[in-house]
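In what follows, a single structure is set out as structure tokens and then discussed.
Taken together, the values in this text are just the output of simple stated rules run on the coordinates, not laboratory data. Keep in mind it's a predicted model, so treat the numbers as computed, not measured. Neighbour counts are summed over all protein chains in view; Cβ atoms, including those assigned to glycine, are modelled from backbone coordinates with ideal geometry.
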Amino acid sequence: MIEIGHASHTGLRRECNEDTYWADAELGLFLVVDGIGGPGRGEAAAAIARDALVGAARRGGSLEPAVRDAGAAIAAFASRTAEHSPTGATLASLRIDGGRFEAARIGDARIYLWQHGDLTPLCVTDPAPSSDRGAADPAGAIPKRNRITQALGITPAAELDAAPVQAAFERGMQFLLCSDGLTEELDERELAAMLARGDLAAQECVDQLLLAALDAGGRDNVSIVLVRVS
């Protein structure tokens with residue numbers, strides 16, 4: 001059985017929400033997409049990526065080519081517009097199918113696995129050169145805000161680090177997908193403490209995470225998808 005919680009909020013300092021998400025247990029697809037490019041363009045980029053990935057899942061396609069196709073679709077959109085500001089999106093994605101999962105991440109969106117009381121970042125490989133690691137998390141794997149090294153629609157599709165993490169999924173696993181609006185406000189200890197609360201349903205857990213992010217400042221759009229396997 002899969003239980004889902006999800007939410008998206010503009011935050012307290014932004015006028016529009018450039019995030020979008022998808023949470024569909026029947027399709028087995030879960031996404032958080034954070035658009036880049038400002039009002040209109042960032043929202044469009046996020047929607048293009050979401051729709052491309054949903055369409056690929058409905059056709060039975062695997063995650064890696066779908067991620068690359070999403071990047072190509074955003075780049076094609078950007079090429080048709082007169083503005084020259086960067087247009088793209090970051091992505092956290094999860095597919096569950098046949099007792100296995102695959103997860104892929106582009107940019108500073110995050111995806112975590114909570115299991116046996118431990119919170120583990122997934123898809124932490126970052127292609128930035130070692131000299132760019134100074135602003136990384138203590139694990140040295142996930143870049144901080146404003147140090148995005150890849151983005152859908154900006155990084156050429158063929159160069160995206162889109163190879164997914166794949167493994168069997170088990171009872172008790174929780175997958176947390178989020179935009180950087182959550183992780184800019186809450187650290188991994190706070191995230192783990194919330195996921196460990198067995199008294200909360202998945203949606204209640206997401207609601208509490210969102211409220212905590214807003215209480216901590218809410219400086220950016222915040223989008224969260226929580227997937228529990230029971």
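Below is a table of values for the structure above.
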| read-out | value |
| --- | --- |
| Estimated FRET transfer efficiency when R0 is 30 angstrom, pair Ile4-Ala76 (beta carbons, to 0.05) | 0.45 |
| Rounded to whole Hz, the Karplus (6.51, -1.76, 1.60) HN-Hα couplings of the stretch 45-52, x for glycine and proline | 4, 5, 5, 4, 4, 4, 5, 5 |
| Chain lengthening between Leu211 and Ser85 when straightened (0.36 nm per residue, less Cα-Cα) | 42.1 nm |
| Karplus-derived HN-Hα couplings along the stretch 115-124 (A = 6.51, B = -1.76, C = 1.60, θ = phi - 60°), whole Hz, x at Gly and Pro | 7, 6, x, 10, 9, 10, x, 9, 6, 8 |
| Long-range amide H partners of Asp19 with built H, under 5 Å | Gly35 |
| ³J(HN,Hα) computed for each position of the stretch 72-77 - Karplus, 6.51 cos²θ - 1.76 cosθ + 1.60, integer Hz, glycine/proline x | 5, 5, 5, 4, 5, 4 |
| Whole-number D in µm²/s for the chain (Stokes-Einstein; Kirkwood sum over Cα pairs; 37 °C, 0.692 mPa s) | 189 µm²/s |
| Loop trypsin sites (Lys or Arg not before Pro), the stretch 16-92, which have at most 13 other Cβ atoms in a 10 Å radius of their Cβ (DSSP) | Arg59, Arg80 |
| Gain in span if fully extended, Gln166 to Ala192, counting 0.36 nm per residue against the direct Cα distance | 7.2 nm |
| 10 Å Cβ shell holding at most 10 others, DSSP loop, GluC sites (Glu not before Pro): longest site-free stretch of the chain | 27-230 |
| Where a label projected 7 Å from the Cα of His116 along Cα→Cβ would reach, residues of the stretch 160-176 with amide N under 17 Å | 167-175 |
| Relative contact order, percent, the stretch 5-101 [alpha-carbon distance under 8 Å, six or more residues apart] | 30 percent |
| R0 of 35 Å, Cβ-Cβ distance Gln203-Glu15: FRET efficiency to nearest 0.05 | 0.85 |
| Value at 222 nm in deg cm²/dmol, rounded to 500, when DSSP H runs of n ≥ 4 in the chain each add -39,500 (n - 2.57) | -8500 deg cm²/dmol |
